[in-house]
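See structure below.
The values are calculated or read from the model by the stated rules, or taken from the named source; none is laboratory data. It should be emphasised that the depicted structure is a prediction, and the values quoted were computed from it without experimental measurement. As a convention, Cβ positions derive from the backbone with ideal geometry for all residues, glycine included, and neighbour counts pool all protein chains shown. Note: areas computed on protein heavy atoms with side chains; ligands, DNA, RNA excluded. Shrake-Rupley method; radii C 1.70, N 1.55, O 1.52, S 1.80 Å.
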Amino acid sequence: QESESENKLDAETASDSESKSEFGGSAPVPTSDDTPEVLNRALSNLSSRWKNWWVRGILTLAMITFFFIIIYLGPMVLMTIVMCVQIKCFHEIITIGYNVYHSYDLPWFRTLSWYFLLCVNYFFYGETVTDYFFTLVQREEPLRILSKYHRFISFALYLTGFCMFVLSLVKKHYRLQFYMFGWTHVTLLIVVTQSHLIIHNLFEGMIWFIVPISCVICNDIMAYMFGFFFGRTPLIKLSPKKTWEGFIGGFFATVLFGLLLSYVMSGYRCFTCPVEFNNDTNSFTVDCEPSELFQLQEYNIPLVLQSVVGWKTVRMYPFQIHSIALSTFASLIGPFGGFFASGFKRAFKIKDFANTIPGHGGIMDRFDCQYLMATFVNVYIASFIRGPNPSKLIQQFLTLRPDQQLHIFNTLKAHLVDKGMLGSLEDA
Amino acid sequence: SDVPDVPPPTDSTPEILKRALSGLSARWKNWWIRGILTLAMISVFFLIIYLGSFMLMLLVLSIQVKCYHEIITIGYRVYHSYDLPWFRSLSWYFLLCVNYFFYGETVADYFATFVQRREQLQFLIRYHRFISFALYLTGFCMFVLSLVKKHYRLQFYMFAWTHVTLLITVTQSHLVIQNLFEGMIWFLVPISSVICNDITAYIFGFFFGRTPLIKLSPKKTWEGFIGGFFSTVVFGFIFSYFLAQHQYFVCPVEYNSETNRFVTECEPSELFQMKKYSVPPLLQAVLGWETVNMYPFQMHSIALSTFASLIGPFGGFFASGFKRAFKIKDFADTIPGHGGIMDRFDCQYLMATFVHVYITSFIRGPNPSKLLKQLLILQPEQQLSVYKTLKSHLVEKGILQPSLRG
């Protein structure tokens with residue numbers, strides 16, 4: 001995205017060249033041209049600037065189409081795609097680390113990085129699977145034991161990796177090895193936790209997955225367009241191509257887009273219902289009574305807008321109000337994830353994270369603004385939408401001692417009687 | 001290839017000790033200083049235990065802050081980044097955020113009655129995660145805005161260094177506090193086992209040491225390792241026996257909202273009630289007893305001591321490797337003869353996590369009051385359906401009589 005700024009990368013000063021000599025500075029790896037032959041021939045007549053624009057445009061449409069296909073195929077495929085994206089992102093960042101530190105030949109390190117990725121994924125998937133596949137897990141004896149001692153097993157696996165790391169320390173390479181260890185852990189923190197939060201959001205209802213991601217993508221595209229046509233005032237030194245006009249235009253466009261998309265999606269149960277695993281059919285189902293978030297309600301339009309819009313009341317889904325919060329975050333804070341990635345690329349003198357997507361760079365380049373979005377949505381849902389997961393609570397309840405169970409049961413009963421939900425004479 | 005400009009450690013031994021030991025040779029002087037400081041630290045430890053849970057929590061917090069400071073300072077020296085714009089403020093800010101997040105999660109559980117009474121705290125608790133996330137994001141955005149053209153790489157390194165340090169020091173310290181609330185014995189026995197292993201491995205190595213253990217730490221020997229292992233298991237066994245008799249150590253720490261203090265009073269759980277165990281025939285011949293009266297907790301203490309002796313040292317090797325990598329002798333000069341706080345706590349890294357995981361996997365299930373709190377937040381319809389499920393479960397198990405009503 002920053003082709004003009006490449007020239008600025010060369011003008012490095014004393015501080016960076018000092019760190020270059022300390023860490024064996026890396027020359028920027030020239031990016032190979034991955035564009036398929038077909039496209040190259042079709043666009044051979046155009047000038048290189050327009051060609052680049054067309055390549056990006058076509059690939060953008062291809063990715064969006066791909067996105068819709070995956071949504072159509074359902075939650076299981078979505079989970080698999082999230083998993084693949086996570087692995088590819090991890091691989092891209094780790095590879096950058098290797099290039100920066102010339103540490104590709106460090107003993108054990110590649111194995112250890114993948115091993116830690118496996119451990120952390122095992123831990124997170126175990127926590128998720130136990131919640132959502134509860135009945136399936138209880139039935140199969142090996143799974144039940146794995147889930148009961150899940151934390152212990154995960155910790156033991158991680159410890160094994162830790163001890164292997166300590167045993168692999170080699171006299172000449174201590175510092176490099178510690179750097180790669182730190183690099184791996186920070187990457188895991190960013191990439192794996194985000195991807196698992198995305199899957200949690202997905203299980204809440206596909207709309208909680210689709211709307212945030214679409215808002216970020218929309219903001220990306222809209223900010224670019226507004227910047228292209230109206231851009232004048234630079235936004236931040238880190239990304240010279242971004243402008244205030246693009247930023248603000250993108251913000252309003254994204255909020256509007258979010259409202260419209262939510263309106264369309266709230267009408268369909270397959271998007272609004274929590275994803276559940278049906279034990280009998282052994283597949284995921286999205287079937288439920290839509291919660292009140294997804295039922296049309298009459299809202300009074302504030303007087304200010306009444307004269308503009310001409311209506312007194314409007315029928316909206318409550319979810320659309322939430323979508324304004326999501327779009328606002330995507331437009332105002334999401335770009336900071338992008339600036340972070342830009343700073344990272346400047347710091348390590350790379351143009352793109354990788355060359356996976358022609359015209360766009362690596363997978364990480366596409367997902368840099370999504371970093372914070374997944375966490376925000378998850379925290380938002382936990383704080384404002386729903387409380388804890390009832391089935392998880394029941395599951396925890398069943399592991400308590402009988403006297404503790406009785407105490408909780410009686411307190412809950414008293415609370416329900418208090419609220420008038422339970423008649424004092426009701427039984428079973 | 002690269003040698004950071006690290007100042008040599010200053011000698012912070014108090015004058016009084018220096019004069020008292022001025023007659024001895026350098027090697028014995030060092031030994032005496034270490035010995036005296038060891039005794040001093042152990043005494044402080046016992047004093048704090050006597051003063052109670054609240055003081056212990058404060059102590060843990062202080063140690064955490066000091067460890068964090070030590071590691072961050074090393075990072076500054078390594079990268080010559082002491083003058084980076086904003087960075088010191090940002091590091092402390094992130095420490096504050098993460099601590100706020102963790103304390104909020106703990107406080108809400110244990111001080112439930114205290115919190116219920118105050119309206120403002122209710123708000124903070126309900127939206128705790130959101131507030132913590134917002135605070136963290138502010139720090140993140142400040143970091144992005146603070147990126148300065150010449151210092152990008154350094155700033156990213158320090159950012160990562162800060163986060164990894166937070167991961168190590170802050171999470172461990174909060175797990176230590178969680179263990180403490182489970183019962184002071186779960187705090188004392190693991191820490192003492194690690195200290196005991198340190199000391200006995202050193203002593204066994206001193207007297208019998210011959211075969212080096214690992215290249216990273218040339219002073220460690222196999223004889224010390226194995227001797228330390230057996231001594232620590234025996235020590236843990238005996239120490240648990242004494243601690244298990246007192247309610248003060250064995251009961252979960254609870255906050256009494258009437259007296260506004262921590263109390264440790266309860267019916268000791270079955271872990272801390274004497275039981276008869278049959279001695280296996282092998283040991284019967286050796287010991288001459290057929291049965292023995294033990295606390296079940298002592299069996300668990302064997303697991304804890306084993307971990308402290310076999311895996312705990314890896315934390316020490318990790319720290320040794322770290323010190324070699326960054327060419328420093330000690331983390332800091334806080335304790336004369338011993339180095340920094342981190343030098344003393346390097347073997348404790350993994351112990352706290354292990355004890356926490358051990359407790360949640362084998363000892364107790366989830367925290368009942370936390371579960372209750374979550375149940376009360378649910379929507380009324382959800383509460384009703386949960387109530388019905390629980391009732392049918394309890395009736396099935398015979399815990400609840402179906403004929404009782406009301």
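Structural remarks
- For the pair region A:203-256 / region B:254-301, the C-alpha centres are spaced 62 Å from each other.
- Distant alpha-carbon pairs in region B:52-181 (separation over 26 angstrom), percent: 31
- Accessible surface of residue A:244 - all protein chains present, 1.4 Å probe, nearest 10 Å²: 120
- Take the accessible area of A alone and of B alone, subtract that of the pair with a 1.4 Å probe, and the total buried over both chains is about 7900 Å².
- Divided by 2.2 N^0.38 Å, where N counts the residues, the Cα radius of gyration of region B:249-322 comes to 1.70.
- Accessible-area ranking of A:88, B:397, A:349, largest first, probe 1.4 Å: B:397, A:88, A:349
- Reported to the nearest whole Å, the Cα centre-to-centre distance from region A:55-96 to region B:148-214 is 39.
- Rh by Kirkwood over Cα pairs, then Stokes-Einstein D for region A:138-221 at 0.692 mPa s and 37 °C, µm²/s: 198
- Measuring nothing but protein heavy atoms, the accessible surface of region B:52-181 at 1.4 Å probe radius is 69 percent carbon and sulfur.
- Annotation for residue B:237 and residue A:307: the two label points, set 7 Å from Cα along the Cα-Cβ direction, are 8.9 nm apart.
- Cα extents of region A:109-261 along the three principal axes, largest first (Å): 59, 52, 16
- Residue A:199 sits among other residues whose Cβ lies under 13 Å from its own Cβ, and their net charge, with Lys and Arg +1 and Asp and Glu -1, is -3.
- Rounded percent of accessible protein surface that carbon and sulfur make up, region B:227-360, 1.4 Å probe: 62
- For region B:184-365, the Rg and Dmax computed from alpha carbons only, in angstrom: 19.1, 59
- The largest accessible area among B:80, B:151 belongs to the first residue in B:80, B:151, and the rest follow in falling order (1.4 Å probe, all chains).
- Reduced Cα scattering model of region B:190-243, Debye log10 I(q)/I(0), q = 0.19, 0.22, 0.31 Å⁻¹: -0.59, -0.73, -1.11
- With all protein chains modelled, accessible area of residue B:345 [1.4 Å, Å²]: 60
- Note on region A:170-328: Cα-Cα pairs beyond 19 Å make up 70% of the total pair count.
- Solvent accessible area, Å² - residue A:214, 1.4 Å probe, full protein context: 20
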